[in-house]
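The values are calculated or read from the model by the stated rules, or taken from the named source; none is laboratory data. This is a predicted model, so every value here is computed, not measured. Cβ placement follows ideal geometry from the backbone for every residue including glycine, while neighbour counts extend to all protein chains displayed. Please note that ligands, DNA and RNA were not included when accessible areas were found on the heavy atoms of the full protein model with its side chains. Shrake-Rupley method; radii C 1.70, N 1.55, O 1.52, S 1.80 Å.
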Amino acid sequence: MSDHQDRMKEKVARGLSSTYVQLVAVCAALPLPIALPMDATVSTVEVAPAVRRAVELVSEQPLSGEQQAEMAMALTMWLAALDLHRVNVAEYEETRTIATLAILVSAVGAIHDVITWQQGGGS
């Protein structure tokens, strides 16, 4: 495996981790807080079931439909990026790496929209 592939896989892994930390924060700040695991010893693969459950719980939040959609998007985009990263670790493709990073950008954008609402700046 090339150094470039290793660097790109590490970049995606860091992106997954940093996006997950943001998800933990926005989920904890929801009107009905959702607690996602946040332990340094827990891997992103191990937290996926909790994120899937959080997607289900979003519809129970006292939020507008748009806010629920943004929250669900943030969570499901993170899950999609994780799934694609798993495939890419097993069989590397540069385009898969680019797609995974693009999905994470979408997740972060949705997270930022949710943060804006949580801070009173949105509808």
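Here the accessible area is traced with a 1.4 Å probe on the protein chains. For the chain, carbon and sulfur cover 59 percent of it.
Using the average count of surrounding beta-carbon atoms within 10 Å as a protection proxy, the listed peptides 52-59, 65-72 rank, highest first, as 65-72, 52-59.
Near A80: Cβ cut-off under 15 Å, other residues only, Lys/Arg at +1 and Asp/Glu at -1. The net charge is +2. Here the dipole of region 64-123 is about 100 debye; that uses its Cα centre as origin and unit charges on the Cβ of Lys and Arg (positive) and Asp and Glu (negative). Ligands, DNA and RNA are left out, and with a 1.4 angstrom probe the accessible area of the chain is 53 Å² per residue. Computed from these coordinates, which is Cα extents along the principal axes in Å: [x] 48, 46, 27; [y] 45, 39, 29; [z] 48, 27, 20? Of the labelled values, this structure produces [z]. Computed about its Cα centre, the charge dipole of the chain is approximately 100 debye, with only Lys, Arg, Asp and Glu carrying charge at their Cβ.
Mind checking the angle between helix 65-90 and the chain's longest principal axis? C-alpha axes, 0 to 90 degrees, to the nearest 10. For helix 65-90, the angle is close to 20 degrees.
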